[in-house]
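Enquirer: Below: one structure in structure tokens.
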Amino acid sequence: MNRFFITLFLLISSLFSMAQMRPQSGGMRPRQTQGDDPTYLNPKEYIIGAVNFVGIQFLDKNILLQITKLNVGDRVMVPGEATSNAIKNLWAQGLFDDVQLAIGAIRADSIFFDVIVTERPRLTRINVLGLSKGKTNEVRDKLNDKVGKIVNENLLNTVQNIIVKHFNDKGYLNTTVDIKQVKDTTQANNIILDVTVDRKNRVKVQNLTFEGNKEVKTAALRKYMKKTKQRAFYKIFGSGKFNREKYEEDKERLIAKMQDKGYRDAEILNDTVKRHDDKTVDIHIKLHEGPKYYFGDIKWAGNAKYADSVLQRILGIKKGEVFSEEKLEKKLRSSPSGQDVSSLYLNDGYLTFSVDPVQTRIIGDTIDLEIRMYEGPKYTINRVVVKGNEITNDKVIMREIRTKPGQYFNKELVVRTQREIVSLGNFDEQKMDIKPMPNNDGTVDIQYTVAEKPSDQIELSGGFGGGRIIGTLGLTFNNFSARNLFNLKEWKPLPKGDGQKLSIRGQTNGKSYQSYSFSFSEPWLGGKKPVYFGISAFTSLSSNSDYADYYGYTDDQLYRIRLNGITFSLGQRLKWPDDLFQLTYAVNLQQYKLKNYPGFLFSNGTSYNFNLSQEISRNSVDAPIYPTSGSNIKFTIQATPPYSLLNNTNYATASDKEKYRFTEYHKWKFESQWFVGIAGPPSRKLVLKAQAQFGFLGIYNKAVGQSAFERFKLGGDGMQGFDFLQGSEVIAMRGYSNNSVIPVGSNVGIAQASGSPIFNKYMLELRYPITVSQSATMFVLAFAEGGNTWNKFKDFTPFNVRRTAGVGARVFLPIFGLLGIDYGIPFDKIRGVQDNGQQRLTFSIAQQMGGF
């Protein structure tokens, strides 16, 4: 604009001097003057014959013509307001370094203009310098939309402001940006920007102060600011680094917390973030605290279904309590446990129920409420529709759905259905959607939309054990279809869709060790009722025969153990105490064939283990991989027939072959897990897991003694691995090596090889998700564990445990299952065991949530 006025001044000066000269940039340039040509002292009216643009390379001439508002055929005074505005309008676009308006020709009463411009350069790319690759990509993503635009002061300022704001929000408040323009030699009239960024140090909060708080103490206000912490010498973690985005969240949380404490008028009047020094800032927040309010009289309106007394009991708020809108909202609409007024109606068919608390009167510090409700009609379920299941058959999902046509709408059953479908393991829980669609006739259609996810798993690994490399190949198909086994059209690569599970696994290191297993399960035997059926079988062999020639072993020095087993299981969901309970029966037959094999109560002979087991369990966890609520409780009894009490054999003098031919025992196990979401949204929830386990192996006859098999081995990663002794149960305990947690005073070699008849274990685990998605689930954790084993029940002291604590991480990949790594620090040494039984780093593959 300054250039325009300078040009105008020069033009007027030239007219008075009657000189024929070219004006400065931004002016109107006349042709060689004739006696009757227009001048500023003698303007004339013409008809615009044409407007020609000179110097245009990239811009659209038609659009520029519209900007000048010099339309062909219009009458204009030359020179005059129209010609002046034409130049002014073009300058205003910021597209040019020079703009001139010249008279190309005058023919009779027609005038022909030439618009002579010099375009400003365009941006080819932005080179971000001075940052790491990851940070560079973050900045470049925010600037990509600037490429191709005109390079002017506005663009340069915008680029600088975007970068500075990006790092300010992350706590780098002293960030500097230096921008240099480099001519692009590959494209005419183009510029490359070299942007050098210096983030400086991330600043911390030196002082966090408040003003205006009278009743709420400053320490409490600082506590509400969970992510904006004042520096302190004792704060090792969370050292007070300033983050603008988190600071804004904390301000909202601060007011929400104050309002929840009864200060409903609380607000932030202003706040300042000032530089303290090069590395720190001071934050000062000025508050309006206001008075503390209390609940007064609460009245109900619009309720016909339930009496005031019933609704008041569910609300649970009494007159005189501190006023809290958060508590009121939870009790009316959003209680995590479902104990709220809305759930009462929604679980009884009132789909369109709504409730609105109205503050009818405020007297001093007391607020009276009238809770106005619209009950609406009672809806009956008409249709239930499932969408999105491209692999899984409809019947697999429909049999898990608790909302049936003809029933009244029930929110609790909808939530339960969601949990059951997710528990199948075939669908992405983050993408599942439920949509009730009311009809005009008092019915409602419910649409469940699911998204299939990969559920099959492969285990392909190599390890080192027994002095050799061990190879493992395992395949698990979690959505198998046995009925289509002979239908080749359904092999993709195996028949899928019926929710059955097929697992095959092999492990070997050559001749010395081989183990193979197979299992199949059907959760709905017959397809009509939730009757579980399973069959599994295994065989394993370990020997030193392949060393015989190398070491020259005699027959007495050769050892071998062969284990074979098969199990049939049958289970059913119970309806009492509730339908989360399940009762499962199993028949197990195992054979152990030993030759010179050490570590058991006998070393030669054949033993059979025929047992029956009964398990009662209740599982209410809300997700299979990353549960955020619920519990999982199991109680199992396993027993063999009491052979020694049914015959006349004197077991006090019987040989090992006769005493152990038929293994006898009774076995009791208990396991419980609880999951509690502590904080955060469902997809990013911090979760506390608590677990307790107990196992006891009892005897029928003292003369026979403890069983040689079915004992417990505590310690390590919990995986069988090279531990081919299938007759023992392996329980993980991080921080200690495999099988190292043995009873005090035991023979180390025997105790580690055969296991112990009694164990218990406790665990607390704090989990935080990094990502929860269809492709992968990853979470980090911190844990504390305690456990121990005993040989005799009279020595059992449940709280005399070996202790450990540490951190770890889990990654669930659909094709591999759950992979884990933990670092545990043991607090107790186990005498006699190698390295005192300590092993700090532990890896795990495909471990289940349970410990058995």
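Enquirer: Of Asn632, Asn611, Asn619, Asn647, which residue is exposed (fewer than 15 other Cβ atoms within 10 Å of the Cβ) and either assigned by TED's automatic domain parsing to the domain that holds Asn738 or among the hydroxyl-bearing types (Ser, Thr, Tyr) (or both)?
Expert: Working: Asn632 fails: exposed (fewer than 15 other Cβ atoms within 10 Å of the Cβ); Asn611 fails: exposed (fewer than 15 other Cβ atoms within 10 Å of the Cβ); Asn619 fails: exposed (fewer than 15 other Cβ atoms within 10 Å of the Cβ).
Sole residue among the options that is exposed (fewer than 15 other Cβ atoms within 10 Å of the Cβ) and either assigned by TED's automatic domain parsing to the domain that holds Asn738 or among the hydroxyl-bearing types (Ser, Thr, Tyr) (or both): Asn647.
Enquirer: Across region 363-397, what is the number of residues that are aliphatic (A, V, I, L, M), more than 30 Å from Thr417 (Cα to Cα) and surrounded by 14 or more Cβ atoms within 10 Å (Cβ to Cβ)? Break it down into steps so the answer makes sense when it comes.
Expert: Our first condition is that a residue be aliphatic (A, V, I, L, M); within region 363-397, this holds for 363, 367, 369, 371, 373, 381, 384-386, 391, 396-397.
Keeping just the survivors that are more than 30 Å from Thr417 (Cα to Cα) gives 363, 367, 369, 371.
Narrowing further to those that are surrounded by 14 or more Cβ atoms within 10 Å (Cβ to Cβ): 367, 369, 371.
Counting residues in region 363-397 that are aliphatic (A, V, I, L, M), more than 30 Å from Thr417 (Cα to Cα) and surrounded by 14 or more Cβ atoms within 10 Å (Cβ to Cβ) gives 3.
Enquirer: Same structure, new question: May I ask you to say which residue of Ser515, Ser503, Ser455 is within 28 Å of Asp578 (Cβ to Cβ) and in contact with a strand residue (DSSP E or B) (Cβ under 9 Å, 6 or more places away or on another chain)?
Expert: Working: Ser515 fails: within 28 Å of Asp578 (Cβ to Cβ); Ser503 fails: within 28 Å of Asp578 (Cβ to Cβ).
The unique qualifying residue is Ser455.
Enquirer: I've got another one for you. If I go through region 763-780 residue by residue, how many of them are of a type in the set (A, V, I, L, M), within 8 Å of the chain's Cα centre (by Cα) and at pLDDT below 85? So that I can check it myself, show each step before the final result.
Expert: Within region 763-780, the subset of a type in the set (A, V, I, L, M) is 763-764, 766, 770, 772, 776, 778, 780.
From what is left, the residues that are within 8 Å of the chain's Cα centre (by Cα) are 770, 772, 778.
Of the ones still in play, those that are also at pLDDT below 85 are 772.
Matching residues across region 763-780 total 1.
Enquirer: If a residue must be in contact (Cβ under 8 Å) with a residue 24 or more places away in the chain and on the phi < 0 side of the Ramachandran plot, how many such residues does region 161-179 contain?
Expert: As a first pass, look at region 161-179 and keep what is in contact (Cβ under 8 Å) with a residue 24 or more places away in the chain: 163, 166-176.
Remaining after also requiring on the phi < 0 side of the Ramachandran plot: 163, 166-170, 172-176.
Qualifying residue count for the region: 11.
Enquirer: Can you give me the number of residues within region 739-772 that are β-branched (Val, Ile, Thr) and out of contact with any strand residue (DSSP E or B) (no Cβ under 7 Å at 6 or more places or on another chain)?
Expert: Residues of region 739-772 β-branched (Val, Ile, Thr): 741-742, 744, 748, 750, 758, 770-772.
Among the residues that remain, those that are also out of contact with any strand residue (DSSP E or B) (no Cβ under 7 Å at 6 or more places or on another chain) are: 744, 748, 750, 772.
Count: 4.
Enquirer: With (1) touching a Ser or Thr at 6+ places or on another chain (Cβ under 6 Å); (2) touching a residue at least 60 places away in the same chain (Cβ under 8 Å); (3) part of a helix (DSSP H, G or I); (4) hydrophobic (A, V, I, L, M, F, W, C) as the list, and Ala256 as the residue in question, which single condition is left unmet?
Expert: (1)
Enquirer: Give the number of residues within region 292-304 that are surrounded by fewer than 16 Cβ atoms within 10 Å (Cβ to Cβ) and either part of a helix (DSSP H, G or I) or in contact with a Leu (Cβ under 9 Å, 6 or more places away or on another chain) (or both).
Expert: Final tally of qualifying residues: 2.
Enquirer: Another question, then. Answer yes if at least one residue in region 755-767 is within 30 Å of Phe427 (Cβ to Cβ), of a type in the set (A, V, I, L, M, F, W, C), part of a strand (DSSP E or B) and in the same structural domain as Arg711 (by TED's automatic domain parsing), and no otherwise. Before the answer, list the steps.
Expert: Kept after step one, since they are within 30 Å of Phe427 (Cβ to Cβ), are these residues of region 755-767: 763, 765-767.
Among the residues that remain, those that are also of a type in the set (A, V, I, L, M, F, W, C) are: 763, 766.
If we keep only those that are part of a strand (DSSP E or B) too, we end up with 763, 766.
Still in the running and in the same structural domain as Arg711 (by TED's automatic domain parsing): 763, 766.
Checking region 755-767: at least one residue is within 30 Å of Phe427 (Cβ to Cβ), of a type in the set (A, V, I, L, M, F, W, C), part of a strand (DSSP E or B) and in the same structural domain as Arg711 (by TED's automatic domain parsing).
Enquirer: Hey, among Ile830, Ile825, which residue is in a strand (DSSP E or B) and either closer than 21 Å to Ile742 by Cβ or touching a residue at least 24 places away in the same chain (Cβ under 8 Å) (or both)? Break it down into steps so the answer makes sense when it comes.
Expert: Numbers: Ile830 fails: in a strand (DSSP E or B).
The match here is Ile825.
Enquirer: Can you list the strands (runs of 3 or more DSSP E) found entirely within region 344-393 that contain at least 2 residues being within 37 Å of the chain's Cα centre (by Cα) and of a type in the set (Lys, Arg)? Before you say what the answer is, go through the steps one by one.
Expert: Values: elements: 354-363, 366-374, 380-387.
Of the strands (runs of 3 or more DSSP E) lying wholly inside region 344-393, those with at least 2 residues that are within 37 Å of the chain's Cα centre (by Cα) and of a type in the set (Lys, Arg) span 380-387.
Enquirer: Applying the selection to region 549-580, what residues are more than 37 Å from the chain's Cα centre (by Cα), of a type in the set (Asp, Glu) and either in the same structural domain as Pro641 (by TED's automatic domain parsing) or within 23 Å of Ile616 (Cα to Cα) (or both)?
Expert: Correct list: empty.
Enquirer: Condition first: crowded, with 17+ Cβ neighbours inside 10 Å and touching a residue at least 24 places away in the same chain (Cβ under 8 Å). Now tell me which residues in region 76-88 satisfy that.
Expert: At the first step, the residues of region 76-88 found to be crowded, with 17+ Cβ neighbours inside 10 Å are 76, 78-79, 82-83, 86-87.
Answer for region 76-88, where residues must be crowded, with 17+ Cβ neighbours inside 10 Å and touching a residue at least 24 places away in the same chain (Cβ under 8 Å): Val76, Val78, Pro79, Thr83, Ala86, Ile87.
Enquirer: As an exercise: evaluate Trp674 against (1) among the aromatic types (Phe, Trp, Tyr); (2) over 20 Å from Arg419 (Cα atoms); (3) modelled with pLDDT of 90 or more and give the number of the one condition it does not meet.
Expert: Just one mismatch for Trp674, condition (2).
Enquirer: Report yes if Pro627 is in a loop (DSSP other than H, G, I, E, B), more than 21 Å from Ser756 (Cα to Cα) and not assigned by TED's automatic domain parsing to the domain that holds Ala776, otherwise no.
Expert: Details: in a loop (DSSP other than H, G, I, E, B): yes; more than 21 Å from Ser756 (Cα to Cα): yes; not assigned by TED's automatic domain parsing to the domain that holds Ala776: no.
So Pro627 does not fit the description; no.
Enquirer: For residues that are touching an Asp or Glu at 6+ places or on another chain (Cβ under 8 Å) and in a loop (DSSP other than H, G, I, E, B), tally how many sit in region 171-190.
Expert: Count: 3.
Enquirer: Another question about this same structure. Look through Leu541, Leu589, Leu563, Leu601 and report the one residue that is assigned to a loop (DSSP other than H, G, I, E, B) and aliphatic (A, V, I, L, M).
Expert: It is Leu601.
Enquirer: Follow-up. Here are the criteria: (1) more than 30 Å from Ser543 (Cβ to Cβ); (2) under 25 Å from the mean Cα position of the chain (by Cα). Tell me which single one Lys492 does not satisfy.
Expert: Only one criterion is unmet by Lys492, namely (2).
Enquirer: I need a count of the residues in region 323-338 that are more than 20 Å from Glu370 (Cβ to Cβ), surrounded by 13 or more Cβ atoms within 10 Å (Cβ to Cβ) and not hydroxyl-bearing (Ser, Thr, Tyr).
Expert: 1
Enquirer: If a residue has to be surrounded by 15 or more Cβ atoms within 10 Å (Cβ to Cβ) and modelled with pLDDT of 85 or more to count, how many in region 457-480 make the cut?
Expert: 7
Yes or no, residue by residue, for (1) among the acidic types (Asp, Glu); (2) over 30 Å from the mean Cα position of the chain (by Cα); (3) closer than 25 Å to Ser536 by Cβ:
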{"position": "Asn439", "(1), (2), (3)": "no, yes, no"}
{"position": "Thr449", "(1), (2), (3)": "no, no, no"}
{"position": "Asp456", "(1), (2), (3)": "yes, no, yes"}
{"position": "Leu488", "(1), (2), (3)": "no, yes, no"}
{"position": "Lys501", "(1), (2), (3)": "no, no, yes"}
{"position": "Gln514", "(1), (2), (3)": "no, yes, yes"}
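Enquirer: Only residues in region 581-607 that are under 30 Å from Ser672 (Cα atoms) and not assigned by TED's automatic domain parsing to the domain that holds Ser620 count as the first member; pair them with residues that are at pLDDT 90 or above and part of a loop (DSSP other than H, G, I, E, B), Cβ under 6 angstrom, at least 6 apart or cross-chain, and list the lot.
Expert: These pairs meet every condition: Phe581/Leu574; Leu583/Leu574.
Enquirer: Pull up region 89-132, narrow it to residues that are under 51 Å from the mean Cα position of the chain (by Cα) and in a loop (DSSP other than H, G, I, E, B), then point me to the one that is surrounded by the fewest Cβ atoms within 10 Å (Cβ to Cβ).
Expert: Ser132
Enquirer: Within region 738-757, restricting attention to residues that are in contact with a Ser or Thr (Cβ under 7 Å, 6 or more places away or on another chain) and of a type in the set (A, V, I, L, M), which residue is nearest to Gly698 (Cα to Cα)?
Expert: Per the criteria, the residue is Ile742.
Enquirer: Anything in region 760-774 that is touching an Asp or Glu at 6+ places or on another chain (Cβ under 9 Å) and either under 17 Å from Phe696 (Cα atoms) or free of Cβ contacts under 8 Å to residues at least 60 places away in the same chain (or both)? List them, or say none. Outline the logic, then answer.
Expert: Going residue by residue through region 760-774, those that are touching an Asp or Glu at 6+ places or on another chain (Cβ under 9 Å) are 761-765, 772-774.
Across region 760-774, the qualifying residues are Lys761, Tyr762.
The values are calculated or read from the model by the stated rules, or taken from the named source; none is laboratory data. Please read these numbers as outputs of a predicted model, since none were measured by experiment. Ideal geometry is used to build each Cβ from the backbone, glycine not excepted, and the neighbour counts take in all protein chains shown.
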